[in-house]
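Below: one structure, written as structure tokens.
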Amino acid sequence: MRRVSMAGLSSACLFSFLALTFAWGEGRAEARETKLELGGAFAGFGTYMRAMPTMTLTAPGDSPRSLRGALPSTGHLTLAGASGELTVAVDRHLVFPLFGFAFSAAVGGSPRVLSSIDGSIVEQRPWSTYMGDVLLPGVGYRVKEQRWMFSAVVRTGVTYAAMGASVASGADTAAASSSALSFLLRAELEACRRLDPVERVCFAISPSIYQFGFGNAVTAGLRWEFGP
Amino acid sequence: MKAIALLAGLAVTAAISGCGFSGETVDHVGQGDGAGIPARYGTVLSDGCTPDTWQASALASADMRRVVQEVVLLCATARASGDVGPVDGSARTQFAQVAAGLQQKGYKVKLGVQFSDETAERYDGALTAAQLASPTWRLEVTASLKQLAQATDGVELVFHDLPPTARGDLSAFVKEVGAALRPSKKVGIFAPPSTQDPSDVPGGNAFDLPALSQYIDRLRVTTLDYADPQSGPTIDPGWAVDAVRFAQGRVGSLPIDVAVPLYGNDVSDLGTRNVSYFEALALAFDYRVAPSAGPTGALHLSYSDATGRPHDVWYDDAQSTVRTLRAWGPQVIPPSVGILYYGLGAEDPLLWPTLARAMP
């Protein structure tokens, strides 16, 4: 059993402290005595994005024309992916998501979208979209009732999306790339059932407050969490 | 056990992610510049002195009159003798009547002049260059042209495959034609779609565009036969943009047209044959092949003829032509640049009503 306290800790050694604490097999703690404890989660999720962002196209060097410009939104898209993250809990109720990563890719059917940049016809392929999230710190609140736990978190992050594209050149096409970057702010609501003192399985739903636009996406999935 | 369940869950997620597939095609071309097609000065070229009944019907339609303001009748041929045909009185009278009829419909009418031999098929650039080098020949052609152009609003000079050595003589000829006809008649020239200097297309180096721009009223950039002599679409919208920009950089504020081919090409080892929209449809029907859209949206089909010779056909329908025009938004090609619709009668008949609806 590892007990930790914020007392005496400087911010400079916080990461070292967290790394030492992140021995999740040993991370069992009695909640009432916990001041600050590290946890983590892995999740599989699906995301519905209401409108894909306006992406920036960059034509390759071997393209007949040097092109760079904004492509129109390809509309809605469904993605599936996985994520992993670290959190820290303070006392019984406060929870601070720390850092994490998520990766997702398009699933299901999506239209071939034709557009143009500087006169050249461009084809976008939303079904080739992949998205990576760097999940940054947030803050949340949780309550526990016997084997159940409910929590609500608001967290920040950065989202990168990329989509396959090609530029027409007569009867030929030149492969190109398109991408977009966005600040991420989202709420995470989850209901968990404890499996043992440090593990629980959760259903989570995460509406994006901002992700390539306000209210633009919602993510839902199952999480496997470990920690106090 | 839990670790196995975790790994299984992640494996399932990884398996389904990235399993997207393509659905229908959505066309957003040109939407960044606003819906529709920018209003541009429209010219249609009819290959011949007298439009046939099909062409005449199209020219009489309200849709075409909304899209097109000017008609070029590619009728005249400059001969080695210095005459410009047609030379027969009856033919000239007929031509004048046709021009007057079109003018009554509200069109400006230009006389297109080709520099080919009497068959009007063979373009020998070296022969034309030799003729242009003769001041006497130039004077005779200019005088004949002035007479023939009386029934029209101007002339359009169409040269093919001129060698670079003709550069000075071509400028001298255009200067002489301009001096004889302007300002009462307009003078225009068709120039190859160069995108660089020295030119990257046959005949392009014969055109001293800065010099020529002093003697003409409009430059028509012939963005046609993009893939020639290979198989491919007759135009690539991005290539046409580059050609227009290059020309604009050479002629300043002179009005410019970019050409849009209305015909298609049937390419085999025998060469390239122009085909109309309906010919292409007939080939698809006869040889039981389904046309498919190429990268630019132009339609494409392949077939083997009765002798087993493979053919590639590329052509446009109303949808693909409209897509090309929408790709040329006002931010890409200024609205002052006009459109030369090349090859009246070969187009998808839905083109004119589709264009009329798409224009503001």
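The values are calculated or read from the model by the stated rules, or taken from the named source; none is laboratory data. What you are looking at is a predicted structure, and each value in this text was computed from that prediction instead of being measured. Here the Cβ is made from the backbone with ideal geometry for all residues, glycine too, and neighbour counts use every protein chain on show. All accessible areas refer to the heavy atoms of the entire protein, side chains included, with ligands and DNA or RNA removed. Shrake-Rupley method; radii C 1.70, N 1.55, O 1.52, S 1.80 Å.
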Highest average packing first - A:146-155, A:42-51, B:258-267, Cβ atoms within 10 Å:
B:258-267, A:42-51, A:146-155
Area accessible to solvent at B:C49, 1.4 Å probe radius, in Å²:
40
Starting from the residue with the highest accessible area, list A:Y160, A:Y141, B:Y342 in decreasing order, probe 1.4 Å.
A:Y141, A:Y160, B:Y342
Pull out the extension gain between A:A70 and A:T58, defined as 0.36 nm times the separation in residues minus the alpha carbon to alpha carbon distance; nm, one decimal.
3.4 nm
Counting protein heavy atoms only and a 1.4 angstrom probe, how many square angstrom of accessible surface do chains A and B bury in total, to the nearest 100?
2700
So how much slack lies between B:A96 and B:L270, counting 0.36 nm per residue of separation and subtracting their Cα-Cα distance, in nm?
58.8 nm
Once ligands and nucleic acids are excluded and a 1.4 Å probe is used, how much of B:H300 is accessible, expressed in Å² to the nearest 10?
40
Over chain B, with a Gaussian network built from C-alpha contacts below 10 Å, which listed residue (B:E118, B:E24, B:E70) shows the highest mean-square fluctuation?
B:E24
As straight-line cross-link partners of A:K35, the qualifying lysines (C-alpha separation under 30 Å, not fewer than 8 residues apart within one chain) are A:K144, B:K2
Between B:K105 and B:D305, what is 0.36 nm times their sequence separation minus the Cα-Cα distance? Round to one decimal in nm.
67.7 nm
Separation between Cα centres of segment B:78-156 and segment A:135-203, rounded to whole Å
71
Checking rank on A:162-171, B:268-277, B:77-86, with mean other Cβ inside 10 Å and highest first, the result is A:162-171, B:77-86, B:268-277
Chain B: C-alpha gyration tensor shape, a/c 1.5 cut-off, then a/b vs b/c:
prolate
Only helices at least 15 Å long along their own axis, judged from Cα atoms, and with Kyte-Doolittle mean hydropathy of 0.0 or greater: name those in chain B from DSSP H.
B:2-16, B:167-181, B:237-251
Taking a ≥ b ≥ c as the square roots of the eigenvalues of the Cα gyration tensor, with a/c under 1.5 meaning rounded and otherwise prolate when a/b exceeds b/c and oblate if not, the protein assembly as shown is prolate
Cα lying deepest toward the dipole's positive end in segment A:105-219, options A:V153, A:A187, A:V143, charges on Cβ
A:V143
If I take every Cα pair under 8 Å that is 6 or more residues apart in chain B, average their sequence separation and divide by the length, what percent do I get for the relative contact order?
19
Using only alpha carbon pairs under 8 Å that are at least six residues apart, calculate the relative contact order of segment B:43-176 and give it in whole percent.
26
Across B:294-301, the residue-averaged tally of Cβ atoms belonging to other chains within 10 Å stands at 5
So how exposed is A:F214, as accessible area in Å² (1.4 Å probe, rounded to 10)?
150
